[in-house]
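The values are calculated or read from the model by the stated rules, or taken from the named source; none is laboratory data. Model, not experiment: these values are computed from the prediction. Every residue, glycine as well, gets a Cβ built from its backbone with ideal geometry; the counts of neighbours run over all protein chains shown. The protein model used for the area step is the full one, side chains on, heavy atoms only, and it has no ligands, DNA or RNA in it. Shrake-Rupley method; radii C 1.70, N 1.55, O 1.52, S 1.80 Å.
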Amino acid sequence: MDNSRVITIKNYLHENKVDAYLITDKEDQFYVANYTGDDGFVVIDAENKYIVTDARFFEQIKLEAPEFEVIDINKQSLADFLSSKYKLVAIESDSLLTQDYQAIVAKGVETVSANLVIKKMRMYKSTEEIGYIQKAADITDKVYDHIINFMKVGMTEVEVADEIEATGKKLGAQKLSFETIVASGVRSSFPHGDATDKVIEDGDVVTLDFGFVYNNYYSDTTRTVVMGTATEEVKKVYSIVKGAEELGIKFAPMVETFGDLDRAVRGYIDDSGYGKYFNHGTGHGLGLVCHDYPIIRTSNDDQLEDGIVFTIEPGIYLPNKFGVRIEDDIYKDDNGETVHVTKSTNELIIIK
Ligand SMILES: [Mn+2]
């Protein structure tokens, strides 16, 4: 019996008259086949399901994906296997290595790029998947509660990042969502300033961007705090970013597309006069990777539908001064209401 994810791929093959789907993206392989091996190819055709890999993974496949037939890549290369069975194969050109692609094409197989077929399936989260993301975000919330009491003037960014990471792991995180960002003072104007040995000083604006993984699902939160006292300019910029973030959260259930959401948030910052200092998208999907499909930018016309978990993370970055970003994880439920996955306060926290 095929699971619904395999059935959706078979429908795609049938509707597009494609012989087989070659899955190379690791998270797509896990999503469709439950395969976690870090090497190998998943192939689905109208009748069969295969994993093409080497003997290191055979025992693992028996456990994770017993309904998949194993092809020993040391006896038959991927290109030989595909060319012996198929004329037209859907590929994921954002993850298939050029050397593998060239070998397939050299054997006379035609390909069609189908990057988004599984990414768009992954966009809609089941109740179970949302539960995992919620647990990941709960850990992230607890870490924020802890870290605002832990961090002090005189610590380095790395010391704060280490504490964030250790606390998340103690609370049951499987791993970090990404290298923790702690960017203080002028460095807060770098949207992705990894923690360094810079000492955090009185008056510094500090951006904390961090997240944890629970049962393979990611959370991602950003908060910006101030050490000691906040200047009027910092307070003003903070309140604009907060206003933009809250507007995004409020509009999410009302807009039609993700592009509309980006326009609304961007418009708010534009109207405040800081438009040119908001130099990235409004957010991104969350799931089996941190920056999952879709990327929320003006050009995205995907419908903003129920059950898509995503971030809202406007920011304003003033070169040589400071930056502010606030990021929450949210989704629209089937009543059309925004659900806050991230629950930490977005009020300005001044750390004395
Ligand atoms: Mn993010």
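General remarks:
- Between the residues V234, Y31, V143, the greatest Cα displacement towards the positive end of the dipole of the chain, with unit charges on the Cβ of Lys, Arg, Asp and Glu, is found for V234.
- The helix-only estimate of mean residue ellipticity at 222 nm for the chain, built from DSSP H runs of length n ≥ 4 each weighted as -39500 (n - 2.57), is -11000 deg cm²/dmol after division by the residue total.
- In this structure the amide hydrogen of I351, modeled in the peptide plane, comes within under 5 Å of the amide hydrogens of V226, M227, G228, none closer than 5 places in sequence on its chain.
- Contour excess over end-to-end distance, with Cα ends at T98 and E256 and 0.36 nm allotted per residue: 53.2 nm
- Treating r as the C-beta distance of T345 and L88 and R0 as 51 Å, the FRET efficiency rounds to 0.45.
- Taking the Cα centre of the chain as reference, the dipole from Cβ charges on Lys and Arg (+1) and Asp and Glu (-1) amounts to some 300 debye.
- The protection proxy used here, the mean number of other Cβ atoms lying within 10 Å of each residue, ranks peptides 267-276, 249-258 as follows, highest first: 249-258, 267-276.
- Taking the longest Cα principal axis of the chain as reference, the axis of helix 157-170 is set at about 60 degrees.
- Approximating the spin labels as points 7 Å out from Cα along Cα→Cβ, the V105-to-S77 distance works out to 1.5 nm.
- Other residues whose C-beta falls under 15 angstrom from the C-beta of N115 contribute a net charge of -3, scoring Lys and Arg +1 and Asp and Glu -1.
- Anisotropy class of the range 194-244 from Cα gyration tensor, a/c 1.5 cut: oblate
- Tilt relative to the chain, helix 4-16 - C-alpha long axis, 0 to 90 degrees, to 10: 70 degrees
- Proximal lysines relative to K242, as straight alpha-carbon distance under 23 Å, when same-chain residues fewer than 8 apart are discounted: K142, K250, K276, K321, K332, K343, K352
- Computed packing ranks the peptides 136-148, 307-319, 60-72, 196-208 as 307-319, 136-148, 196-208, 60-72, most packed first, by mean other Cβ atoms within 10 Å.
- Distant-in-sequence amide contacts of I71, defined by a placed amide H-H separation under 5 Å and a gap of 5 or more residues or a different chain, comprise I51, V52, T53.
- Folded to 0 to 90 degrees: helix 127-150 orientation relative to the chain principal axis, Cα: 30 degrees
- Local net charge near T127, Cβ-Cβ under 12 Å (Lys/Arg +1, Asp/Glu -1): -4
- Total formal charge among the other residues, if their Cβ is under 9 angstrom from that of D45, Lys/Arg +1 and Asp/Glu -1: +1
- The range 269-284 - phi-based ³J(HN,Hα) in whole Hz, Karplus 6.51/-1.76/1.60, Gly and Pro as x: 6, 4, 4, 7, x, 10, x, 6, 9, 10, 10, 8, x, 6, x, 7
- Magnitude of the charge dipole, the range 126-215, Cβ model with Lys/Arg +1 and Asp/Glu -1, debye to 20: 180 debye
- Couplings 3J(HN,Hα) for the range 212-228, derived from phi with the Karplus relation 6.51 cos²θ - 1.76 cosθ + 1.60 (θ = phi - 60°), are 9, 10, 10, 6, 6, 10, 9, 10, 7, 10, 10, 9, 10, 10, 10, 8, x Hz, where x marks Gly and Pro.
- Accessible area of R56 (1.4 Å probe, protein heavy atoms only, ligands and nucleic acids ignored): about 150 Å².
- Largest to smallest in accessible area, the residues M227, M155 fall in the order M155, M227 (1.4 Å probe, all protein chains included).
- Taking a straight line from the alpha carbon of K235, these aspartates and glutamates sit under 19 Å away, with near neighbours fewer than eight places off in the same chain left out: E201, D202, D204, E245, E246, D270, D271, E313, E327, E347.
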